[in-house]
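Student: The structure that follows is given in the form of C-alpha cells.
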Ligand SMILES: Cc1cc2nc3c(=O)[nH]c(=O)nc-3n(C[C@H](O)[C@H](O)[C@H](O)COP(=O)(O)OP(=O)(O)OC[C@H]3O[C@@H](n4cnc5c(N)ncnc54)[C@H](O)[C@@H]3O)c2cc1C
C-alpha cells in the first residue's frame, strides 16, 4: 500500500486546470496502490490556494517560502522528493506541462526511482500507457522501482471534481534552498495581455502558415479576445517567426484539449493533430477542401481567412452583446 503525492500548480487562490487533471490521475493511481491522494503546493504565496486544494483531497501539504517565488526545478525537486518520503508515497505525479516535465525527472533521480513521462493512462499498479508516433500508437511501459514518478498528460485526464468533504492541510519546511548555480532571469509569457494561458484555456484560436505573416495574426487575436481564448499556432507559423514559439500546439509543442479549438489556415499535419485532437469541438477554416484538418473537424469552413474571420468575430461580438 502506498500514497500518491500530486504536485499541483496554482494561480492565486486557485488550482490551475492542469492540477485538476493531475488529481484525476492521482485518484486512479491511489485506487491501484491502496493509499490516499496527498496534494503538494510549493512556492511563495501558495498557501492562498490551500482551501481550494482541500476540496480535492483528504490531505494537502503546503511548503510556503519567499525563496521559492520562482519555480526552479533545482529548488523544487528536493522538496518534492522529501515530501514523497515523508508522506509514504509510492507514486509522485504532476501534470505533463513545462513545470512537471522539468521537476519530476529530477525528483526521480533524487529518489532513485523510475520515471513514466507524459502518460495517457495507468493500467495497473506499475503499468502505464503512453502515446507514441504522434499519437498514432500507444506503448505500454512497466516500472519496477518502489517509488514511481509520473507526469500525466492533461488532455487525457478530465479535471477532477471536488470531494464531498474538505480535507485537512499541513505545512512543511522547505529546508535549505539551493539552486545549484541556477538563477531565475525572467519569465517571457506567451499569450499576452489578459488572455488565458494556453494550457488552461477553454477556448483556443490557432493560426498556421496560411496566415502569411505575423501581422495577420492580429485578426485571430481579435477573435481570441472576443471569445476570451488563448492563442495557439502550428509549428510552421512559429518556426517562420510569425508568433512566439510558446504558442506552438502539437507533438513538439503544447498538448491542449479545450472545449473549443479553432484552427485557421492550418493543414492538419499529424504532428499538429497530436496536440489538439482531444479538443471537445474543433472548428477549421481552410481554403483547401482537401486539407486533412477537415477529417477531424466538427465544423469546417472552406474559405479564405481574409474573407471570414473578421465577419465571424463581428457575429460573435453581436451575439455576446445581445446576451449581456
Ligand atoms: C518531428 C516533427 C515534429 C513536429 N511537431 C509539430 C508540432 O508540434 N506542431 C505542429 O503544428 N507541427 C509540427 N510539425 C510540423 C508539421 O509536420 C507541419 O509541417 C506543420 O504542422 C504545418 O503547419 P501548417 O498547417 O501551419 O502549414 P501548412 O501545412 O503549410 O498548411 C497551411 C494551410 O493553410 C491553408 N491556407 C493557406 N492560405 C490560406 C488562406 N488565405 N485562408 C485559409 N487557409 C489558407 C492551406 O490550404 C494549408 O492547408 C512537426 C514535424 C516534425 C517532423
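Throughout, read-outs are computed from the coordinates displayed, never taken from laboratory work. Given the structure is predicted, the values throughout are model-derived calculations rather than measurements. Here the Cβ positions follow ideal geometry from the backbone for every residue, glycine too, while neighbour counts run over all protein chains shown.
Student: In deg cm²/dmol and to the nearest 500, what is the mean residue ellipticity at 222 nm of the chain if only DSSP H runs of at least 4 residues count, each as -39500 (n - 2.57), divided by the residue total?
Tutor: Calculated at 222 nm, the ellipticity per residue is -8500 deg cm²/dmol.
Student: Separate question: Relative to the present Cα-Cα distance, how much length would full extension add between residue 48 and residue 11 at 0.36 nm per residue of separation?
Tutor: 12.4 nm
Student: Moving on to the next point. Fully extended, how many nm does the chain gain between residue 187 and residue 66 (0.36 nm per residue separation, minus their Cα-Cα distance)?
Tutor: Contour length minus Cα-Cα distance gives 41.8 nm.
Student: Nearest 10 degrees, 0 to 90: what angle lies between the long axis of helix 217-226 and the longest principal axis of the chain (Cα atoms)?
Tutor: Orientation of helix 217-226: about 70 degrees from the principal axis.
Student: May I pose another question? Between residue 315 and residue 288, take the C-beta separation as r, use R0 = 25 Å, and let me know the FRET efficiency to the nearest 0.05. List each step's numbers first, then the result.
Tutor: On the way: r = 24 Å, r/R0 = 0.94.
For R0 = 25 Å, the calculated efficiency reads 0.60.
Student: Among 132-138, 44-50, how do they line up by average Cβ neighbours within 10 Å per residue, starting with the highest?
Tutor: Details: 132-138: 13.0, 44-50: 18.0.
Output ranking for 132-138, 44-50: 44-50, 132-138.
Student: Would you give the gap between the C-alpha center of the stretch 113-135 and the C-alpha center of the stretch 256-324, rounded to a whole Å?
Tutor: That distance is 30 Å.
Student: For the stretch 31-48 and the stretch 207-237, compute the distance between their C-alpha centroids and round to whole Å.
Tutor: Here the two parts' Cα centres lie 36 Å apart.
Student: Just the number, please: Stokes-Einstein D of the stretch 3-171 in µm²/s, Kirkwood Rh from C-alpha pairs, 20 °C, 1.002 mPa s.
Tutor: 138
Student: Calculate how steeply helix 98-111 sits against the longest principal axis of the alpha-carbon atoms of the chain, using the helix alpha-carbon long axis, and give the answer as 0 to 90 degrees to the nearest 10.
Tutor: Roughly 20 degrees between the two axes.
Student: Another one. Hey, with R₀ at 41 Å, roughly what FRET efficiency would residue 170 and residue 323 work out to, going by the Cβ-Cβ distance, to 0.05?
Tutor: 0.35
Student: Hey, what angle do you get for helix 17-33 against the long axis of the chain, alpha-carbon based, 0 to 90 degrees rounded to 10?
Tutor: 50
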